[in-house]
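Here's the structure we're looking at; comments come further down.
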Amino acid sequence: MFLTLTPNPCLERTVRLADLGAGHSFRVDSGDIFTSAGGKGINAARVASRFGAQVRAIAPVGRRQLAWISYLAREEGIAGEWIEVEADTRICLNVVHRDGRITEIIENGAPLEAEDGTRLLEKWRELLPQARLACIGGSYPPSPDTALDGHATLLCGLAASAGVPLIYDGKSEPFRRALASKTPPWAIKPNLEEAAAYLNRSLETASDELRAVSDLGHRGVEVVLLSCGERGLYVGHRGAIEWFEAPRVETVSPVGSGDSLVGAFAATYLQGGDIFEAARVGVAAGSANAAQQKSAFVTPAEAAALVTQVGRSTSGISLPTAS
């Protein structure tokens, strides 16, 4: 079973709109609006389920949004383990313009109470014995209570004690603390911006990126998945680094591509145990996601149509520069 925890879930609304100018009113047809249960861990669980994995998704969900998110998740094939909280679950809006541009309006989310964090830990501890792979997906909502900065570290420790490999796709202080802990995650999936922020240096060349993969792997992390967006993905594993060049697609919306990568990677890894093959399928899934409007609804057939186009370099890595 693939177990995910999303600290800051959302109701994700994708809207197709020709333009979005300040000071105007816009009417949108119902057919141009799509709503889904969202947040990185939930998105990854949905894709993993579509790729054949049994999934369970843990998340704190606002009392007033609980019924809607529960319904959406069930319809999307996600077995949800929702921790009901008083704070409202945020709404994130993705506007897909007809000229190909994307506008994202992302709520930060309401702070979690310390008790909410405790209940998440208890549910995590309860379900870990059933899991073969786990994931912390997304950042934590801003909170004046710094105690939650160590929450992900506790999740990592519980996963390590249970012998369950853990993927952490996050950022900011909880991510930093987890990587610096005695039980860092098994795998991480930062993008270039997140890796640069964590390492406190710019990543402008292929050499910079390769060194970042190596440096991140020296922190006790076994698998480093460094996403370069539409260009592709570095995979660092036990001293080896490979580059997977993403297929070229006509991009509709890149939102959810990283989550699709994680979900497809997880499901493929659980089926075969090969990290590099799982990464190849993950890259294909991320590209397939970018070619559609819905966020993290990619199917195995869509990924399979692209997987043979994923370039793989194992030595003398030479990368195109970012456009």
Collect the residues in region 221-230 that are farther than 24 Å from Arg177 by Cβ and crowded, with 17+ Cβ neighbours inside 10 Å, keeping them in residue-number order. Cys228, Glu230
Of Pro60, Pro111, Pro141, which residue is within 18 Å of the chain's Cα centre (by Cα) and at pLDDT below 95? Pro141
Residues that are crowded, with 18+ Cβ neighbours inside 10 Å and touching a residue at least 60 places away in the same chain (Cβ under 8 Å): find the strands (runs of 3 or more DSSP E) completely inside region 26-133 holding 1 or more of those. 33-38, 55-62, 90-97
I need a count of the residues in region 1-45 that are among the hydrophobic types (A, V, I, L, M, F, W, C) and in contact with a His (Cβ under 9 Å, 6 or more places away or on another chain). 3
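Pull up region 231-244, narrow it to residues that are out of contact with any helix residue (DSSP H, G or I) (no Cβ under 7 Å at 6 or more places or on another chain) and not aromatic (Phe, Trp, Tyr), then point me to the one that is surrounded by the most Cβ atoms within 10 Å (Cβ to Cβ).
Residues of region 231-244 out of contact with any helix residue (DSSP H, G or I) (no Cβ under 7 Å at 6 or more places or on another chain): 231, 238-240, 243.
Cutting the leftovers down to not aromatic (Phe, Trp, Tyr) gives us 231, 238-240.
Values: Arg231: 18, Arg238: 8, Gly239: 8, Ala240: 12.
Among those that are out of contact with any helix residue (DSSP H, G or I) (no Cβ under 7 Å at 6 or more places or on another chain) and not aromatic (Phe, Trp, Tyr), it is Arg231.
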Looking only at region 44-68, which residues are closer than 25 Å to Phe265 by Cα and among the hydrophobic types (A, V, I, L, M, F, W, C)? Ala44, Ala45, Val47, Ala48, Phe51, Ala53, Val55, Ala57, Ile58, Ala59
The condition of being assigned to a loop (DSSP other than H, G, I, E, B) and aliphatic (A, V, I, L, M) holds, among Leu11, Leu20, only for Leu20
Determine whether region 94-103 contains at least one residue that is over 22 Å from the mean Cα position of the chain (by Cα) and over 30 Å from Val28 (Cα atoms). no
What residue, of Ser287, Ser260, Ser295, is out of contact with any Cys (no Cβ under 6 Å at 6 or more places or on another chain), within 13 Å of Cys228 (Cβ to Cβ) and of a type in the set (S, T, N, Q)? Ser287
Out of all the residues in region 269-309, which are charged (D, E, K, R), surrounded by fewer than 22 Cβ atoms within 10 Å (Cβ to Cβ) and part of a helix (DSSP H, G or I)? Glu277, Glu302
Selection from region 1-48 of residues that are modelled with pLDDT under 90 and of a type in the set (Phe, Trp, Tyr): Phe26
Consider only pairs whose beta carbons are under 6 Å apart and that are at least six residues apart or on different chains; among these, list those whose first residue lies in region 294-316 and is touching a residue at least 24 places away in the same chain (Cβ under 8 Å) and hydroxyl-bearing (Ser, Thr, Tyr) and whose second residue is buried (at least 19 other Cβ atoms within 10 Å of the Cβ) and part of a loop (DSSP other than H, G, I, E, B). Ser295/Val255; Ser295/Gly256
Tell me which of these Phe51 doesn't satisfy, since it passes every other one: (1) more than 30 Å from Asp149 (Cα to Cα); (2) modelled with pLDDT under 95. (2)
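Would you mention how many residues in region 144-154 are crowded, with 22+ Cβ neighbours inside 10 Å and at pLDDT below 90?
So the count comes out to 1.
The values are calculated or read from the model by the stated rules, or taken from the named source; none is laboratory data. Computed from a predicted model, the values in this text were never measured in an experiment. Glycine gets a Cβ as well: all are built from the backbone with ideal geometry, and neighbour counts include every protein chain shown.
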